[in-house]
Amino acid sequence: MNLENVKFYIGPVSKNIVDTLINFSINEDYKIGIIASRRQIDWDGGYVNNWNTQTFIDYLSDKRKNLVIERDHSGISQGEYNDDGATSLFVDANKFDIIHLDPWIYYKNDFEGGLNEIIDNIKSINRVNEKCLFEVGTEESICYFDENKLDNMLSYLKNNLGDLFNKIVYCVIQSGTALKNTQNIGEFNENRLEKMIDVCHNYGLLTKEHNGDYLTPEDIKKRFDIGLSAINIAPEFGVYETEILLENMTKEQKDSFFNICYESNKWCKWVNSDFDPFSNKIELMRICGHYQFSNPKFLDLNININTIIKEKLYLKLKKLTKLT
């Protein structure tokens, strides 16, 4: 699989976003990635369109020509509830083009344990599907890596995987991205980016940065110009869809939508401890509205503007991809 020209991996935060990615990839003849986290879509369900892994892949089955389908943050403790991730990985093995192996929530204080988990995962998945490819590493909010730790990780994997190391195509680098509220609060470190890219190139790997949301076009282009291969963007598209919805809601619909969002508690992990939800109702809905798009209470609001939403998402995607 040629991944050199795949610059953007977008989270399937809603059915409208998935439909837009499908149409864009076909109409523009543009190769783009879809990255599904376990909380979004997993073997037993998720918050996006009530899809599970099988029904999601079925939906994409005849539309995959220019789509690269990747599992984002697979494995232990990465789902809606804590588990060993084994069932999810087993189901994913035959469904996704690439699986991001990320055991670092669980193993952040056990470096060798995390590496051995990755090795076991690769060997197990390869027995199920020899065509499956992999991404390794994680974002800074989960576990900090500098260039030396990155080099140690890749060296250990190469020495212990043998030829299976060639199934690894991406390595996550960290150059200063972090999300809070609906902002990217990271501080870009150009020198760190260059060093981590050099390490990855020494092992023949493409590089990927996570949490590319809310960066300016200039921020993203600078990373690409330095040598970054690809970047992940997810909640930004969900927030944008929520903003379009809010522009088209009545006051009564907004009040109902706020109550749905507030009661979900999905906003809590994205805000500071001093955040007052009742003084920041619009912001709360912007932050976590996309988690509610499949909620029956939200669907009962009957806000039927999917055509408008898809048109605006398409234009946003077109503007983003002009960077390449």
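The values are calculated or read from the model by the stated rules, or taken from the named source; none is laboratory data. What you are looking at is a predicted structure, and each value in this text was computed from that prediction instead of being measured. Cβ: placed from backbone, ideal geometry, glycine included. Neighbour counts: every protein chain shown.
The table that follows gives values for the structure above.
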item: Hits in segment 26-45 - residues which are more than 26 Å from Lys7 (Cα to Cα) and of a type in the set (Gly, Ala, Ser); result: Gly45
item: Test: residue in segment 63-76 that is over 30 Å from Lys322 (Cβ atoms), modelled with pLDDT of 95 or more, out of contact with any helix residue (DSSP H, G or I) (no Cβ under 7 Å at 6 or more places or on another chain) and of a type outside the set (A, V, I, L, M, F, W, C); result: no
item: Some residue of segment 262-277 being among the basic types (Lys, Arg), surrounded by fewer than 17 Cβ atoms within 10 Å (Cβ to Cβ), modelled with pLDDT under 95 and not assigned by TED's automatic domain parsing to the domain that holds Thr20; result: yes
item: Single match in Ile142, Ile197, Ile119 (criterion: buried (at least 22 other Cβ atoms within 10 Å of the Cβ), in the same structural domain as Asp83 (by TED's automatic domain parsing) and in contact (Cβ under 8 Å) with a residue 12 or more places away in the chain); result: Ile197
item: Candidate set: segment 206-227, residues that are surrounded by fewer than 22 Cβ atoms within 10 Å (Cβ to Cβ) and in contact (Cβ under 8 Å) with a residue 40 or more places away in the chain; chosen: the one nearest to Glu135 (Cα to Cα); result: Leu206
item: Checking Lys180 against (1) at pLDDT 95 or above; (2) in the same structural domain as Asn16 (by TED's automatic domain parsing); (3) among the basic types (Lys, Arg), the condition it does not meet; result: (1)
item: Subset of segment 306-322 that is surrounded by 15 or more Cβ atoms within 10 Å (Cβ to Cβ) and over 18 Å from the mean Cα position of the chain (by Cα) - its residue that is nearest to Glu28 (Cα to Cα); result: Tyr314
item: Residue, nearest to Asp72 (Cα to Cα), within segment 123-143, restricted to residues that are among the hydroxyl-bearing types (Ser, Thr, Tyr) and at pLDDT 95 or above; result: Thr138
item: Matching residues, segment 73-110, being in contact (Cβ under 8 Å) with a residue 24 or more places away in the chain and surrounded by fewer than 16 Cβ atoms within 10 Å (Cβ to Cβ); result: Glu80, Thr87, Phe90, Asn94, Lys108
item: Residue in segment 102-122 that is part of a loop (DSSP other than H, G, I, E, B), within 19 Å of Tyr170 (Cβ to Cβ) and at pLDDT 95 or above present; result: yes
item: Filtered residue count, segment 1-21, keeping only those that are in contact with a His (Cβ under 7 Å, 6 or more places away or on another chain) and hydroxyl-bearing (Ser, Thr, Tyr); result: 1
item: Conditions (1) modelled with pLDDT of 95 or more; (2) not in a loop (DSSP other than H, G, I, E, B): number failed by Met249; result: (2)
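Let's see how each residue does on (1) under 22 Å from Lys310 (Cα atoms); (2) assigned to a loop (DSSP other than H, G, I, E, B); (3) in contact with a Ser or Thr (Cβ under 8 Å, 6 or more places away or on another chain):
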position: Met1; (1), (2), (3): no, yes, no
position: Pro12; (1), (2), (3): yes, yes, no
position: Ile34; (1), (2), (3): yes, no, no
position: Tyr47; (1), (2), (3): yes, yes, yes
position: Phe56; (1), (2), (3): yes, no, no
position: Asp84; (1), (2), (3): no, yes, no
position: Phe96; (1), (2), (3): no, yes, no
